[in-house]
1. With respect to Arg224, is the statement that it is among the basic types (Lys, Arg), assigned by TED's automatic domain parsing to the domain that holds Glu178 and in contact with a helix residue (DSSP H, G or I) (Cβ under 7 Å, 6 or more places away or on another chain) true?
2. What number of residues within segment 151-179 satisfy the criterion of being hydroxyl-bearing (Ser, Thr, Tyr), touching a residue at least 40 places away in the same chain (Cβ under 8 Å) and surrounded by fewer than 16 Cβ atoms within 10 Å (Cβ to Cβ)?
3. Report, by residue number, each residue of segment 146-161 that is within 29 Å of Lys200 (Cα to Cα) and either hydroxyl-bearing (Ser, Thr, Tyr) or in contact with a strand residue (DSSP E or B) (Cβ under 8 Å, 6 or more places away or on another chain) (or both).
4. Would you mind finding the one in Val172, Val160, Val155 that is in contact with a Cys (Cβ under 8 Å, 6 or more places away or on another chain), assigned to a loop (DSSP other than H, G, I, E, B) and not basic (Lys, Arg)?
Amino acid sequence: MAAKNVKTRSTIQTQLRPSLQTATTPSSEPSSPAKPPTCQANPDMEALKVELLASLRKDIADIFKKELQDTLGDALSTIKFDLQAVKTQLAIDKAANDATMSELKGTVKEMEHALTVCSDDIAEVKITIKGLTAHVAKLESKCEDLESRSRRNNVRIVGVPEGPDTCTTAAVASLLKEAFDLGKEPLLDRSHRTLQPAPKPGDRPRAIVCRFHYHTDCVDILRRARERRQIKVGDHLSLPRLHRQGGTGSCCIQHGQAATP
């Protein structure tokens, strides 16, 4: 086995030796012509390097591109899904908003119609109120005139002592007939004391207010009281005191003592 290996080695050396001898044998020519093969080998190496770098760059770019596509693909899928969800939600919201807007438009139209009717009603009410205001003013004027006319027949009698039957229509009519020497008793509709608390003993009595049925009787009584300087009732004299306030005539007829003017 060892002999065989030695033989093989010697054979290889025999085959390589001529080339080695050729490479190692010094040439008689100068060494400069032997340099071109080395210069020719350098461009080949540079070209190989460039080719390897280009291939490496391409492989790296492909790897980055694939990884980027994978990463962006997942992200884009997620984004696309989210966008689809947002789009769906926006569509739902838009439909809801459209329905709400339609309902609001209907409500606004109904309100416009109602406001138009209310505006017409308000205009009519204003006209009615204006007419009623004028009518009320006219009625107030008439009521005031009627009140004044009704109070023109009233006479206030001051100084008649308090008593159970001193303010009846019969007693007042008899008093007026005697005080003014009338031919007959005047017709009275009613007579009463003023609405004041009953006086204490010794205090001034409340006045009597009587209403004549006929205005001529009221005017005659006031004229007689104005003309007379003294009014005699029984054995007592009194001074007439007349004044008008709110359409009511007042005549002072006192019993028992003369009245101061």
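The values are calculated or read from the model by the stated rules, or taken from the named source; none is laboratory data. Just so it is clear, the structure is predicted and the values come from calculations on it, not from any experiment. Because the Cβ atoms are built from the backbone with ideal geometry, glycine has one as well, and the counts that use them run over all protein chains shown.
1. On the way: among the basic types (Lys, Arg): yes; assigned by TED's automatic domain parsing to the domain that holds Glu178: yes; in contact with a helix residue (DSSP H, G or I) (Cβ under 7 Å, 6 or more places away or on another chain): yes.
Against the criterion (among the basic types (Lys, Arg), assigned by TED's automatic domain parsing to the domain that holds Glu178 and in contact with a helix residue (DSSP H, G or I) (Cβ under 7 Å, 6 or more places away or on another chain)), Arg224 qualifies.
2. Within segment 151-179, the first condition is being hydroxyl-bearing (Ser, Thr, Tyr), and the residues that meet it are 166, 168-169, 174.
Imposing the further condition that a residue be touching a residue at least 40 places away in the same chain (Cβ under 8 Å) reduces the set to 166, 169.
Subset that is surrounded by fewer than 16 Cβ atoms within 10 Å (Cβ to Cβ): none.
So the answer is 0.
3. Just the residues of segment 146-161 that are within 29 Å of Lys200 (Cα to Cα), to begin with: 154-161.
The answer is Asn154, Val155, Arg156, Ile157, Val158, Gly159, Val160.
4. On the way: Val172 fails: assigned to a loop (DSSP other than H, G, I, E, B); Val155 fails: assigned to a loop (DSSP other than H, G, I, E, B).
Testing whether each residue is in contact with a Cys (Cβ under 8 Å, 6 or more places away or on another chain), assigned to a loop (DSSP other than H, G, I, E, B) and not basic (Lys, Arg) leaves just Val160.
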